[in-house]
Structure formats: C-alpha cells, structure tokens
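Trainee: Questions regarding the structure given below will be posed in turn.
The values are calculated or read from the model by the stated rules, or taken from the named source; none is laboratory data. No experiment lies behind these values; they were computed from the predicted model shown. Quick reminder, even Gly has a Cβ in these numbers, built from the backbone with ideal geometry, and neighbours come from all protein chains shown. Quick note on the areas: whole protein, heavy atoms, side chains included, nothing else; ligands and nucleic acids left out. Shrake-Rupley method; radii C 1.70, N 1.55, O 1.52, S 1.80 Å.
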Amino acid sequence: MGTINSRYKSYCYIENLSQFVGSEVTLRGWVYHKTGKGKLHFIQLRDGTGIVQCVVFKPNVSEEVFERAKSLTQESSLILKGYVREDPRSPVGIEIDVSDLQVIQLTNDYPITPKEHGDSFLMEHRHLWLRSSKQHAIIRVRSAVIKAIRDFFDGNGFKQVDSPILTPNACEGTTTLFETKYFDLGSAYLSQSGQLYAEASAMAHGKVYTFGPTFRAELSKTRKHLTEFWMVEPEMAFFDLDDDMDLAEDLVEYIVQYVLKHCKKELEILERDITKLEKVRRPFYRMTYTEAVDWLNRNNVPIIRKVDGKEIEEPFPWGEDFGAVQEEAIMEQFDKPCIIHRYPAKVKAFYMKRDPQNPELVLAMDMLAPERGGEIIGGSQREDDYNALLERIKEENLPLEAFQWYLDLRKYGSVPHSGFGLGIERTVKWITGARHIREVIPFPRMIYRIYP
Ligand code: 4AD
Ligand code: MG
C-alpha cells in the first residue's frame, strides 16, 4: 500500500532494546526518576513500553548535553541517543550510555512524587497516575485480557456482533437504569447489558459475542462496583446451561493462562502470587445454589440483617440472593473458580429459563473467583417459550411494547439458547490482585466520581 511516510516504523522502543545491543538507538519518552552525582546522571526513562536506565557520563557528552541532563525533572519529556549495553545488574538486562539528549519539555512540580499519596489525591489525578508503574502494569494486563477474550471467541467460530448502548428498555432490572431524553421518542436508557440484542444476533449467526461498555446506576459503594463497566457477552443458539458453563470455564482458563504467558513482567511489578493463577485449570468447581445454602448453614455463615437499627444474625434462608459475605465464605475453600447454578427464580432476571425439574429455580449460573474476586460471570439458559416469557414480562411490570421484538425471537424459529456476561474489570481485578476496581479501568465512573 502506498504509505508515503512510515518513519515511525523505525522507532525504537524500550521493550525491543535487546535486539539492539551494541548499536546506537534513539529513544523517546519521559523521565520516570533521576539521580546523579558528580560526573554522572542516571535517568530512568519510560516510553510506555518499559523503563530503562540511561547513563549520562560527562566525558561522553558535550558540556551542553550534560547540563541539560542535570536540569531534567520528573516527567520531563525528551529524546535521547545512546548505545545499548547489556548490564546484568539492570532489571531489564540493559542500560543506555547516552551520547545526545534533547529536551522536549521541562516539567515543573509534577504532582505525583515518589512519596506516598492518599487514594483520593491519586484518583483526582488519575490522568497522571496512569503513568505510575503499577497502574501502567494493570492497564497492560487489562489489554491482554481483552486480547485473550477476542482470540478465544474469534478462534472458536464466534462472530462479534455489537449491541446498541442507547436502548428503549431495561435488561437487568429497572432500579439501576440511567435515563436520558431521546428527542421526540421519550426516554432512552443506557444499556445494562447487550444480551437481549445478542440473542437476536445469535439467531442470525449461531455463535456471537458482544463487547462494550455497560451501565448500572448502582448504589453500591464497594470495591467491586462501577457505574460504567465493560462486559463481553457470548450468546449461543442451541446451547443449554451445561454447554454454557463449559464455555465459561474454557474462556476463563484461556484468559488466565494467556495473561500468565504474556504478562510475566506486569505480574511481577504487581507482586502477584502467580502460583495461585497457575492453578486456574479446568475443571473448575461447581455446586447448585441449594448446595451452597446448605454449605453456608453447615458452616455457620449467617446472614446479617438490620432490625430496628440493630444487626442480627440468622441462618441463611433458602431463596435469598448471596451477598459478598456469602460469596467470599463459599470461595475460601476453593483454589480456583466455582460455578454456582440453578438459583431461585425470584432473585434472578425475567429472561432466564425455568428449571424443568423444579419451577422455583431458573437455569442460571454465576462464576465466582477465588481470592475474594467475587462474581466475574453471570449467565443463563434463556426462556425460549413465548408464553412463559410473556408471563414473566407481565409479572415484572415491564413495558410490553418495548419487548415486542424480543418476544418475536420466541415466535419465529425459537430454539434453546444460552449465554453469559463476563465483567472485564472484575476479571482484571482478580487476576492483577488490585485492591479496588477503580484501578483496573483507565477512568473509573462511580457514584461519587466522574472526574477526570
Ligand atoms: O450478572 P450480570 O448482571 O449479568 C448480565 O448482565 C447478563 N445480561 C449477562 C448475560 O447473560 N449476557 O452481569 C454480568 C457480569 C457480572 O458477573 C460482573 O462480572 C459484571 O458483569 N458486573 C459488574 N462489574 C462492575 N461493576 C458493576 N456494577 C457490575 N455489575 C455486573
Ligand atoms: Mg450477576
């Protein structure tokens, strides 16, 4: 193809330096850190792909260049030339002997210094905090997780068919909807999930996945909730719940093994215990909701309720949804993820298929991650019977007009089908061991934060 100017193709990046040992290269980047004494300045240069120590030795450079190096401050931007030298003491095995250096901008008073800063200060400076090495490593793992997901689905015969973000109806309950005015057509809602549209696409393409941002006006101020998060949602015609669970296990195993293979450096920076991740191999654990409730009660994990302002503990009642306390208690015994399946219909969404063995249950499944990762996947076999679905829509007082198209899917060649949604941030939080979900998305949106 007629690329006129592809100068950038010859640019050298820190991650490729080992190919250039013995030669002179040009590096472009920012000062991560600088120290110096007498005739030497040590610049920790970062360029987005890594950090390398660049040594400015007075006899090797002009007076002017040495003075420039001396003036450099944290996060100043620069272009430098230097010789690539192997150095076993360096964490990347390489050092640069600087021969020339040009300052692009001298930075004054960079707010994030090597000293400790409070969480709210860092979040207020998220646009700069992204440059710090742990945050940088987390976002690289995130990128790898997304790559793994795409490879997995594309390699297994799935087509990516995206769902709309502006929608006329709710998918996951009406209490967490973001509403916006939509011209003369009334209200539109930011999508809570691409699933309903993915179902239509699955009837056209067989196996599909949607991948995009999803929105929940969640009132939860936890370490696991965002109001805007990314979800990948496969949907498969002719898959039942067992097929769905098998696929979920395959996907999560693939993601974790991919990250272990491709993000060694990042996991090291994050001080992640990778022996825990190495265990994430199929088969995972599985139990039914009812077995999980029995386990909680056998192990005296109560539910805590507030009655008249006082907290009281009770045995866990069959029929309630699990909270973080129950999920974490159940997962403490496991060294890899566990799928809990067949939940009470009343705690789950309207579109899930009733269990033919027990009409109180739906063919739902949640995958919980170990190490307090929480729920990373929620999925189900879908109700494929027209009348049963119509009944559920009415029971939930959902606006029938908005779901007419969805009911159509049960009218024209309805088939058993299933799917699930994997939360990208929950998954990255678990894999990286990040303390809080806000650190695993570049610009988190939470009830109390929309800046920057
Ligand atoms: O369990 P959820 O609500 O399921 C659905 O939305 C289905 N429609 C998916 C499907 O079957 N296609 O959400 C799926 C996943 C959760 O398991 C969790 O990983 C993530 O999305 N998630 C959140 N992540 C961050 N912040 C929140 N507020 C989240 N809510 C759900
Ligand atoms: Mg869920």
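Trainee: Considering each residue of segment 268-284, count those that are hydrophobic (A, V, I, L, M, F, W, C) and assigned to a loop (DSSP other than H, G, I, E, B), and give that number.
Mentor: 3
Trainee: Restricting attention to segment 1-46, which residues are open to solvent by 70 Å² or more (accessible area, probe 1.4 Å) and touching a helix residue (DSSP H, G or I) at 6+ places or on another chain (Cβ under 7 Å)?
Mentor: Result: Lys39, single match.
Trainee: Let me ask something else about it. Do we find a residue being hydrophobic (A, V, I, L, M, F, W, C), surrounded by fewer than 22 Cβ atoms within 10 Å (Cβ to Cβ) and within 13 Å of ligand 1 (Cβ to nearest atom) anywhere in segment 253-261?
Mentor: Checked segment 253-261: no residue is hydrophobic (A, V, I, L, M, F, W, C), surrounded by fewer than 22 Cβ atoms within 10 Å (Cβ to Cβ) and within 13 Å of ligand 1 (Cβ to nearest atom).
Trainee: Still on this structure, please answer the following. Given (1) open to solvent by 70 Å² or more (accessible area, probe 1.4 Å); (2) within 30 Å of Val415 (Cβ to Cβ), where does Tyr343 come up short, assuming only one miss?
Mentor: (1)
Trainee: Can you confirm whether segment 81-92 contains a residue that is touching a residue at least 24 places away in the same chain (Cβ under 8 Å), open to solvent by less than 70 Å² (accessible area, probe 1.4 Å) and closer than 21 Å to Ser133 by Cα?
Mentor: Within segment 81-92, one or more residues are touching a residue at least 24 places away in the same chain (Cβ under 8 Å), open to solvent by less than 70 Å² (accessible area, probe 1.4 Å) and closer than 21 Å to Ser133 by Cα.
Trainee: In the set Arg142, Arg150, which member is part of a helix (DSSP H, G or I), among the basic types (Lys, Arg) and open to solvent by less than 50 Å² (accessible area, probe 1.4 Å)?
Mentor: Within the list Arg142, Arg150, the selection yields Arg142.
Trainee: On to the next question. Scan segment 51-64 and report the pairs whose first residue is outside the structural domain of Leu27 (by TED's automatic domain parsing) and whose second residue is among the charged types (D, E, K, R) and in a strand (DSSP E or B), with Cβ atoms within less than 9 Å and a gap of 6+ or a chain change.
Mentor: No pair meets every condition.
Trainee: Name the single residue that is modelled with the lowest pLDDT among those in segment 155-187 being within 30 Å of Leu130 (Cα to Cα) and not in a loop (DSSP other than H, G, I, E, B).
Mentor: Thr176
Trainee: Sticking with this structure for a sec: Would you check which residues across segment 13-35 are in contact (Cβ under 8 Å) with a residue 40 or more places away in the chain, within 12 Å of Val92 (Cα to Cα) and of a type in the set (D, E, K, R) and list them?
Mentor: Answer for segment 13-35, where residues must be in contact (Cβ under 8 Å) with a residue 40 or more places away in the chain, within 12 Å of Val92 (Cα to Cα) and of a type in the set (D, E, K, R): there is none.
Trainee: Would you please name the residue that is nearest to the chain's Cα centre (by Cα), looking only at residues in segment 288-325 that are assigned to a strand (DSSP E or B) and either without any contact (Cβ under 8 Å) to a residue 12 or more places away in the chain or not assigned by TED's automatic domain parsing to the domain that holds Glu371 (or both)?
Mentor: Only one residue tops the list, namely Arg305.
This table checks each residue for (1) assigned by TED's automatic domain parsing to the domain that holds Pro370; (2) part of a loop (DSSP other than H, G, I, E, B); (3) more than 16 Å from ligand 2 (Cβ to nearest atom); (4) modelled with pLDDT under 95.
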residue	(1), (2), (3), (4)
Tyr209	yes, no, yes, no
Ser220	yes, yes, no, yes
Leu226	yes, yes, no, no
Glu266	yes, no, yes, no
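Trainee: Got a sec? Which helices (runs of 4 or more DSSP H) wholly within segment 365-452 have at least 1 residues that are more than 14 Å from ligand 1 (Cβ to nearest atom) and among the hydrophobic types (A, V, I, L, M, F, W, C)?
Mentor: In segment 365-452, 386-395, 404-408 are the helices (runs of 4 or more DSSP H) which contain 1 or more residues that are more than 14 Å from ligand 1 (Cβ to nearest atom) and among the hydrophobic types (A, V, I, L, M, F, W, C).
Trainee: I'm checking my understanding of the structure. Among residues of segment 371-391 that are more than 16 Å from ligand 2 (Cβ to nearest atom) and open to solvent by less than 20 Å² (accessible area, probe 1.4 Å), which one is nearest to Gly421 (Cα to Cα)?
Mentor: By that ranking, first place goes to Glu383.
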